[in-house]
1. Restricted to segment 63-79, and to residues that are modelled with pLDDT under 90 and polar (S, T, N, Q), which residue is surrounded by the fewest Cβ atoms within 10 Å (Cβ to Cβ)?
2. From the list A81, A65, A56, which residue is closer than 30 Å to L5 by Cα, more than 15 Å from the chain's Cα centre (by Cα) and small (G, A, S)?
3. In segment 4-39, which residues are among the aliphatic types (A, V, I, L, M) and either open to solvent by less than 50 Å² (accessible area, probe 1.4 Å) or under 20 Å from the mean Cα position of the chain (by Cα) (or both)?
4. Has segment 40-62 got any residue that is in contact with a Gly (Cβ under 9 Å, 6 or more places away or on another chain), part of a strand (DSSP E or B) and exposed (fewer than 11 other Cβ atoms within 10 Å of the Cβ)?
5. Of (1) more than 30 Å from A144 (Cβ to Cβ); (2) modelled with pLDDT under 95; (3) outside any loop (DSSP other than H, G, I, E, B), G24 satisfies all except one. Which?
Amino acid sequence: MRVVLREDVEKLGNKGDLLEVADGYARNYLVPRGLGMKATKGVVAQSEAMRRNRDARESRDRDAAQAMAAQFSARAIEVRARAGEGGKLFGSVTASDIADALHAQTGIEVDRRKIALDEPIRELGEVEVTVRLHAEVTAPVKVAVVAE
């Protein structure tokens, strides 16, 4: 059965996609949950409009993410933490701390889950972390951990 997706469905497709799926899958899962509708001439035309809107939105989001990436790479973000002798921190600097510092110093709010930090920072110094701003855009950010 040919269906047009009304929502993004994981491992199947995105909103507005025209797909061929099994009859039972469409009848018993997609249509009752409002995730898809049977493809007719009018619905296919509507799916084209959905796809164009999605592409335009993706383009705007990608451009905005690239602009943010340029701002992040222009400077280092300073995070203050209490440290003992030898540069060891009391505690650690986490992705949440970095997200708060990014918001305070650049005015741009970034979700902590978008910051790729393998393990928390436990020493003073500069570390480069990657921020995933968009599916296609990542930005390296220099984080300078300094003692309070």
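1. Only one residue fits best here, namely S73.
2. When all the criteria are applied, what remains is A56.
3. Answer for segment 4-39, where residues must be among the aliphatic types (A, V, I, L, M) and either open to solvent by less than 50 Å² (accessible area, probe 1.4 Å) or under 20 Å from the mean Cα position of the chain (by Cα) (or both): V4, L5, V9, L12, L19, V21, A26, L30, L35, M37, A39.
4. No.
5. (2)
The values are calculated or read from the model by the stated rules, or taken from the named source; none is laboratory data. Computed from a predicted structure; not experimentally measured. Reconstructed Cβ throughout: ideal geometry from the backbone, glycine too, with neighbour counts over all protein chains shown. Note: accessible area is taken over every heavy atom of the protein model, side chains too, but ligands, DNA and RNA are not part of it. Shrake-Rupley method; radii C 1.70, N 1.55, O 1.52, S 1.80 Å.
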